[in-house]
Amino acid sequence: MLKGIPAILSPELLKVLMEMGHGDEITIGDGNYPAASTARNLIRLDGHGVCEILDAILTFFPLDTYVDEPVLLMEKTPGDPADTSIWNEYKAIVEKHQPGTKVGFLERFAFYDRADKSYAVIATGETAVYANVILKKGVVKQ
């Protein structure tokens, strides 16, 4: 064990976050996301929701300040009445860790295409739909 690291961040996930460089992306997929069939590096965090994982990751993970939208969400399919209120929670978590960061949206299949190129995919137990997130890593500035 180490001090100050959220317990939800497994050794495998910490290793992946450390390996990633500027511009690399990581996808956090909800429980319906096809993570196992698409991930180059699959990290399983079943039993956890995206909000708690996102909050823990952004404690250490710098978002890219050289792009307009370093956080991308899966856009709702037109006509789908799904509840996407979880997006407000995501935006609040991002604002808490990196104020002023813009959150963008990608059409569903464009999201899948982009996520397929992610350095890693985190499979979660999130039950909300359209609860998938892509994070683009930035530079640590001190």
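Rounded to the nearest whole Å², what accessible area per residue is found for the range 36-142 with the 1.4 Å probe?
On a per-residue basis, 51 Å².
With +1 assigned to the C-beta of every Lys and Arg and -1 to the C-beta of every Asp and Glu, and no other charges, what is the dipole magnitude of the chain about the Cα centre in debye, to the nearest 20?
For the chain, the charge dipole is close to 420 debye.
Once you order the gyration tensor axes a ≥ b ≥ c over the Cα atoms, which shape class does the range 1-41 get: rounded for a/c under 1.5, otherwise prolate or oblate by comparing a/b with b/c?
It comes out oblate by the Cα gyration axes.
Take the chain, connect every pair of alpha-carbon atoms lying under 10 Å apart with a spring to form a Gaussian network, then pick out the residue of Gly23, Gly104, Gly47 with the largest mean-square fluctuation.
Looking only at Gly23, Gly104, Gly47, the largest GNM fluctuation is found for Gly47.
Determine how large the accessible area of Ile5 is when every protein chain is in place; take a 1.4 Å probe and give Å² rounded to the nearest 10.
Here the accessible area works out near 50 Å².
Under the rule of at least 5 residues apart or a separate chain, name every residue whose amide H is placed under 5 Å from the amide H of Phe105.
Those lying under 5 Å, H to H, from Phe105 are Leu73.
Under a cut-off of 20 Å between alpha-carbon atoms, report the lysines in cross-link reach of Lys137, not counting same-chain residues fewer than 8 places apart.
Straight-distance partners of Lys137: Lys15, Lys91, Lys96, Lys102, Lys117.
Please label the shape of the chain as rounded, prolate or oblate, based on the square roots a ≥ b ≥ c of the eigenvalues of the alpha-carbon gyration tensor (a/c under 1.5 means rounded; beyond that, a/b larger than b/c means prolate, else oblate).
It is rounded, given that a/c, with a ≥ b ≥ c, falls under 1.5.
Report the residue, chosen from Gly100, Gly31, Gly49, that carries the largest GNM mean-square fluctuation when the chain is represented by alpha-carbon nodes joined by springs under 10 Å.
Checking each option, the largest mean-square fluctuation is seen for Gly100.
Which residue, Asp80, Asp24, Asp46, tops the fluctuation ranking in a GNM of the chain built on C-alpha contacts under 10 Å?
For the chain, modelled as a Gaussian network with Cα springs under 10 Å, the answer is Asp80.
Counting only residues 5 or more places away or on other chains, whose amide H sits under 5 Å from the amide H of Arg44 once H atoms are built in the peptide plane?
So Arg44 has HN proximity to Ala123.
The values are calculated or read from the model by the stated rules, or taken from the named source; none is laboratory data. All values reported here derive from a predicted model rather than from experimental measurement. Every residue, glycine as well, gets a Cβ built from its backbone with ideal geometry; the counts of neighbours run over all protein chains shown. Side chains are part of the model used for accessible areas, which takes the heavy atoms of the whole protein and leaves out ligands, DNA and RNA. Shrake-Rupley method; radii C 1.70, N 1.55, O 1.52, S 1.80 Å.
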